[in-house]
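Below are the structure tokens for one structure; questions will follow.
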Amino acid sequence: MTRFLLAVALLVAAASPAHAAAPRWVGTWAAAPSSAVPGTDNGYPNFSIRNIVHVSAGGKEIRVRLSNAYGRTPVLFGQVTVARAAGPDTPTAVPGTMRTLTFGGARSITAPPGADVVSDGVALTVPADSDLLVSVFTPEPGGPVTHHQLTRQNSYFTRDGNHVADESAAPYRERTINWHYVSGVDVRSSTLQGSVVALGDSITDGANATWGANLRWPDQLADRVNKRLGVLNSGISGNRLLLDGGSAGPNALARLNRDVLTQTGVRSVIVFEGINDIQQTPHETDPAKIIAALRQIAQRSHDRGLRVVGATITPFKGWNSYTDELEAVRQAVNSFIRTSTDFDAVADFDQVVRDPADPQRIRPAYDEGDHLHPGDQGFEAMAKAVDLAVL
């Protein structure tokens, strides 16, 4: 009988949920801080800002990261809340979903200049592919204000005190097209395998994507991974590999640690940078310098145990700075990306986006008119060019 009971106990233990994967934090949304809001040396005293963010993966517990990356003084976050949005492009919360976040158990926290802060977790069921409201009350002066400039969607705010716990949209009468302070959202899950970070410039940031539709190529990649991975967008419009760019943020090597390597649950990175080094003034005409930067990103990412996908640079013939000399630089860099052993895989964005009749141009069906940034259909083709098995 003793042996029988022991055998039964072992069978029960083998089938027990205790052997399932333990829940862990995984990034589901991110926005790389791009710069300080001009003219905000005094911060946003007495403001409530309701940021609308679109998560990729879901979970039953949530936490938020706030950034004072560009602040020169401390900023007090007097109260921070999170809720599910009642619909697209609305600051109205789903009734009963409003949660006040804490930081080490406290309802408020002061972020020093240059620092990020992460909230405690709070129970909230978050569906994949859904909108959240991350609302921040800043009662005191403290600036300049850190923000992400290119969002392709609306958020809302009020200058009239603390309304972050309001489910109603009524106080939020002013609109903004930036995300302020919020730089990341994590979910706790036992089913997600981790997160993938898209490191890029305006094409990754979603320039020319349909407003408010969440059709940037990382969004469409998130649709493909079928809720197995969080997808984090670390694109900054105008960003370069080698030079800082004012509102375009620090160069990609300088921001790699903050925007990629320390992201929650990250297991892979897609590197899609270089066109701005080529087409912006001052033009980088030596492909070896761009290649050296890409190699550094790959090496540093591999050192953290990440898989690295190199993405080829898409065409720009017709853009105002295009020349044959600059095109030769793009081709040289792309040749390196396609053949290099520095990457674990290649996403050939150039191949899927270019016009077969004129390969230096974007395919007409993908070109929204500026000849540099694809639109929704081009972003779909790019998302489909990523081999999910390597992520």
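The values are calculated or read from the model by the stated rules, or taken from the named source; none is laboratory data. Owing to the predicted nature of the structure, the values given are computational and were not obtained by experimental measurement. With ideal geometry, Cβ positions are generated from the backbone for all residues, glycine too; neighbour counts draw on all protein chains shown. Note: areas computed on protein heavy atoms with side chains; ligands, DNA, RNA excluded. Shrake-Rupley method; radii C 1.70, N 1.55, O 1.52, S 1.80 Å.
With an 8 Å cut-off on Cα pairs and a minimum separation of 6 or more residues, tell me the relative contact order of the stretch 300-391 in percent. Numbers along the way, then the final one.
Values: 127 pairs, mean separation 30.2, N = 92.
33 percent.
Given a cut-off of under 8 Å on Cα pairs at least six residues apart, what relative contact order in percent is computed for the chain? Present the calculation step by step, with values, prior to reporting the outcome.
Working: 1010 pairs, mean separation 69.6, N = 391.
Worked out over the chain, it gives 18 percent.
Let me see the pair-distance distribution of the stretch 122-247: every alpha carbon pair, 10 Å bin width, integer percents in order.
Going from the shortest bin to the longest, the percentages are 10, 36, 35, 18, 1.
Now, a different point. Mind computing the radius of gyration and Dmax over the alpha-carbon atoms of the stretch 176-292? Å is fine for both.
Expressed in Å, the Cα Rg and Dmax of the stretch 176-292 come to 15.0, 47.
Where does the stretch 64-175 land on the Kirkwood hydrodynamic radius, alpha-carbon pairs, in angstrom?
14.7 Å
Counting other Cβ atoms within 10 Å, keep those with at most 14, restrict to DSSP loop, and tell me which trypsin sites (Lys or Arg not before Pro) in the stretch 96-190 are left.
Numbers: sites: ARG99, ARG107, ARG152, ARG159, ARG173, ARG175, ARG188; in loops: ARG107, ARG152, ARG159, ARG173.
Filter output for the stretch 96-190: ARG107, ARG159, ARG173.
Provide the per residue accessible area, probe 1.4 Å, for the chain, rounded to a whole number of square angstrom. Please list the in-between numbers first.
Numbers: 15520 Å² over 391 residues.
Ligands and nucleic acids excluded, the figure is 40 Å² per residue.
Under 17 Å from the Cα of LYS60, which lysines turn up, not counting those fewer than eight places away in the same chain?
Reachable lysines: LYS227.
Relative to 2.2 N^0.38 Å, what does the C-alpha radius of gyration of the stretch 18-90 come to as a ratio? Two decimals please. Mind showing how you got there, number by number?
Working: Rg = 16.0 Å, N = 73, 2.2 N^0.38 = 11.2 Å.
Output field value: 1.42.
Shifting gears a bit: Work out the P(r) tail for the stretch 304-345: percent of alpha carbon pairs separated by more than 14 Å, whole number. Each step should come with its number before you reach the end.
Values: 462 of 861 pairs.
In whole percent, the long-distance tail amounts to 54.
Starting from the exponent 0.38 and prefactor 2.2 Å, build the expected Rg for the stretch 252-368 from its residue count and divide its actual Cα Rg by it.
On the way: Rg = 14.7 Å, N = 117, 2.2 N^0.38 = 13.4 Å.
This ratio for the stretch 252-368 stands at 1.09.
Also: Around LEU294, under 9 Å between beta carbons, what's the net of Lys plus Arg minus Asp minus Glu among the other residues? Could the numbers behind the result be given before it?
On the way: positive: ARG295; negative: GLU273, ASP342.
Once positives and negatives cancel, what remains is -1.
Another question, if that's okay. May I ask what percent, to the nearest 5, of DSSP beta bridges between residues of the chain are antiparallel? Write out the running numbers ahead of the final one.
Values: 52 of 74 bridges.
Just about 70 percent of them are antiparallel.
When only Cα pairs under 8 Å and 6 or more residues apart are kept, what is the percent relative contact order across the stretch 127-184? Walk me through the intermediate numbers first.
On the way: 59 pairs, mean separation 24.7, N = 58.
This gives 43 percent for the stretch 127-184.
Moving to a separate point now. State the volume of the convex hull built on the alpha-carbon positions of the stretch 234-312, expressed per residue in Å³ and rounded to an integer.
On the way: hull volume 6.4 nm³, N = 79.
Hull volume normalised by residue count: 80 Å³.
What number comes out for the charge environment of PRO45, summing +1 per Lys or Arg and -1 per Asp or Glu over other residues with Cβ under 13 Å away?
Details: positive: ARG159; negative: ASP41, GLU140, ASP160.
Every neighbour counted, the sum reads -2.
Okay, moving on. For the chain, what does the helix formula give at 222 nm: sum of -39500 (n - 2.57) over DSSP H segments with n ≥ 4, over the residue count, nearest 500 deg cm²/dmol?
Numbers: 9 runs with 83 residues, N = 391.
Using -39500 (n - 2.57) per qualifying helix, the result is -6000 deg cm²/dmol.
Given C-alpha coordinates of the chain, what is the ratio Rg to Rh with the Kirkwood estimate of Rh?
1.02
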